[in-house]
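The values are calculated or read from the model by the stated rules, or taken from the named source; none is laboratory data. Quick caveat, the model's predicted, so the values are computed rather than measured. Neighbour counts are summed over all protein chains in view; Cβ atoms, including those assigned to glycine, are modelled from backbone coordinates with ideal geometry.
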Amino acid sequence: MGTEAVILIVLALLFGFYMAWNIGANDVANAMGTSVGSGALTLTAAVILAAIMEFAGAFIVGPHVSETVRKGIVDLDLLRGMDRGALLLVLGMLAALLAAGAWLQLASYYGWPVSTTHSIVGAIVGFGVVVGGIEAVKWAKVGTIAMSWVISPTLSGVIAFVIFRFLLAVIFYKPNPVLAAKKATPYIVFAVLVAMMLVLAFKGLKPFWKYPFWEDVFGYKFKSHLDTVPLTISLITAGLIGVIGAFVSYRLVRNIEEEPGTTKTLENMYIRRSLSKAIMHLRRIRNTTTGQVRDNADCVLQDTQKLLHDARISTRTRGVSGYHQVERIFVFLQIISAGFVAFAHGANDVANAIGPLSAIMEVVDTTKEAMFWVVPETKSHVSVWLLLLGGAGIVIGLATWGWRVIQTIGKRITELTPSRGFCAEFAAALTILIASVYSLPVSTTHTLVGAVLGVGLARGVGALNLTTVRDIIISWVITLPAGAGLAILFFYGLKAVFV
């Protein structure tokens, strides 16, 4: 292997690790942000849980997902007719890794949760336009990916809104929330585990159904995760695990002591917020009117202020411990959902770092002394040690810089509690499941952010930090062009050195 090939391999390893580090700092932080923000997990515990689940997903499933990282974004047939076309492919993948990593690092610095998939797709688009022109990019595929800007947050936001309002109705608005939570918990656990196992089967473990084992032993060849064989096995497995989880949860929560005098603490919070808004409007009426209308408004204002005072005293003195007991139940549910989301994320998004890296290694290994004159026809082979590199980079990135994005997701969008954080993560998991069934393009990042927004909207627009929401949306819009622009810049720099 010549000096040029050695240098390119070293750069590929460095850039691949850099990209994986930034995936951990930005994307993985999304999965853990709600758990840390709600207090269900400490930052250290979140890092440990994410490290285990992300690395497991990346190592077990990552090899198969990484083979499809290019996703048909660029027509590589154009490179096969070019002089030193394979070298251009290597330089393009290097530029894409560096560009996507640089954009993710900038976004993480400001705490913006952006999509790593969109970052790498944008970077590959930039490389494709430079090498093969506008026609080299499959814009229909890019458009489908861009649809996730709208589909992901909208769908997850609506689901989170509905779930949270449902919990308010069946638990928190009941005269005895602790008793209501004890009754509802086994059913909630069953629904959560069934949904999470199906997410794992349809999203995280999709390549499992493509193993030769199924065709060799059972004569089944995978076509879709909705085929009879994978669907039946997934539903039966998910149902059994759901029943076991429901039974265990019933045994655990039945010993929680109930407080007969527990009042509707959370409902009082909403009453207080509504009364505060009414007082604000009444003050405007009083200040802008005269005569009898002003006097009547002043009387109503005084009565409303007294109601608010009574509601505050009620919230402070009664039912607080019962409310915390209910929230502690949701701590465990949120940890479970966070672990499943992290596994599915590691299984799929490690490809954003390892896919281009494995493609580079394949080209170098195939051409060797041919000095990169030919683009090989074979698919990228993913080595175990590359997955170890990617998994380690993701974990280190989360541990060192992930706190920035975690703060945005967990604290800067809206105030989260374990129950609200659970609603957000469960809604994100259901969105991923629905998208897998109907082949809808979704982004894990956009899905989680949308779910947090949905939980916030369930408490009113005033519960949202609109400035943070605006900054996040802007960062989503500029991710694709930012990745493309940086990739073009880095590609020309690398080309000037190696060509």
Residue check: is Tyr173 of a type in the set (Ser, Thr, Tyr) and in contact (Cβ under 8 Å) with a residue 60 or more places away in the chain?
yes
Would you be able to tell me the number of residues in segment 106-149 that are outside any helix (DSSP H, G or I) and closer than 20 Å to Leu464 by Cα?
5
With segment 150-254 as the region, which helices (runs of 4 or more DSSP H) entirely inside it contain at least 1 residues that are among the basic types (Lys, Arg) and either modelled with pLDDT of 90 or more or surrounded by fewer than 18 Cβ atoms within 10 Å (Cβ to Cβ) (or both)?
177-199, 228-253
Go through segment 8-55 and give me each residue that's β-branched (Val, Ile, Thr), farther than 30 Å from Leu88 by Cα and either modelled with pLDDT under 85 or surrounded by fewer than 23 Cβ atoms within 10 Å (Cβ to Cβ) (or both).
Val28, Thr42, Thr44, Val47, Ile48, Ile52
Does segment 342-358 contain at least one residue that is closer than 21 Å to Ala96 by Cβ, at pLDDT 80 or above and not small (Gly, Ala, Ser)?
no
Say whether the condition of being of a type in the set (Ser, Thr, Tyr), crowded, with 24+ Cβ neighbours inside 10 Å and not in a loop (DSSP other than H, G, I, E, B) is met by at least one residue in segment 391-403.
no
Determine the pairs where a residue that is closer than 16 Å to Asn352 by Cβ, located within segment 483-496, has a partner that is at pLDDT below 95 and surrounded by fewer than 23 Cβ atoms within 10 Å (Cβ to Cβ) with Cβ atoms under 9 Å apart, the partner being 6 or more residues away or on another chain.
Ala484/Val129; Ala487/Val130
It is to be established whether one or more residues within segment 471-487 are out of contact with any helix residue (DSSP H, G or I) (no Cβ under 6 Å at 6 or more places or on another chain), more than 28 Å from Val125 (Cβ to Cβ) and surrounded by fewer than 16 Cβ atoms within 10 Å (Cβ to Cβ).
no
